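Have a look at the structure below before the remarks.
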Amino acid sequence: FKKIPVLVFERPGFSKENSESPYLSLVQWVSAPLIQISSTEIRNRIVKGRSIRYWVSEKVETYIQEKRMYLQ
């Protein structure tokens, strides 16, 4: 926590107010719009040969394609 800042995003069912973590004072809370993207949906799209453009960054998409991830 001293060397690298830890950012925590609120999400449904998890907020600073309802958390009991002893690390709350050490993290930085970030507010951002929630985007309903699930890793399961991304994997399913890859398996079905569908595009994941706009679901992940271009670098992530390239990495997934190069490594042929989720296609075993």
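A short reminder: the numbers here are calculations on the coordinates, not readings from a lab. Values in this document were obtained by computation on a predicted structure and should not be read as measured data. Using ideal geometry, Cβ is built from the backbone for each residue, glycine included, and neighbour counts are taken over all protein chains shown.
Each residue of region 30-35 is assigned a 3J(HN,Hα), and the resulting list reads 10, 9, 8, x, 7, 10 Hz, derived from the Karplus form 6.51 cos²θ - 1.76 cosθ + 1.60 (θ = phi - 60°), x at Gly and Pro. Of the GluC sites (Glu not before Pro) found in region 1-33, the ones in coil according to DSSP and having at most 11 other Cβ atoms within 10 Å of their Cβ are E20.
Of the chymotrypsin sites (Phe, Trp or Tyr not before Pro) found in region 2-72, the ones in coil according to DSSP and having at most 16 other Cβ atoms within 10 Å of their Cβ are Y23, Y54, Y70. Sequence-distant contacts, meaning Cα pairs under 8 Å at least 6 residues apart, place the relative contact order of the chain at 26 percent. Listed values for region 63-72 are Karplus-derived 3J(HN,Hα) couplings in whole Hz (6.51 cos²θ - 1.76 cosθ + 1.60, θ = phi - 60°), namely 4, 4, 5, 4, 8, 6, 5, 6, 10, 7, and x replaces Gly and Pro. Amide H to amide H under 5 Å from V56: which residues, 5+ apart in sequence or cross-chain, H placed 1.01 Å off N in plane? Answer set, sorted by chain and number: none.
The count of lysine pairs in the chain with alpha-carbon distances below 27 Å, taking only pairs 8 or more places apart or on different chains, stands at 6.
Ellipsoid semi-axes for the chain, based on the Cα gyration tensor and the rule √(5λ), read 32, 15, 11 Å when sorted largest first.
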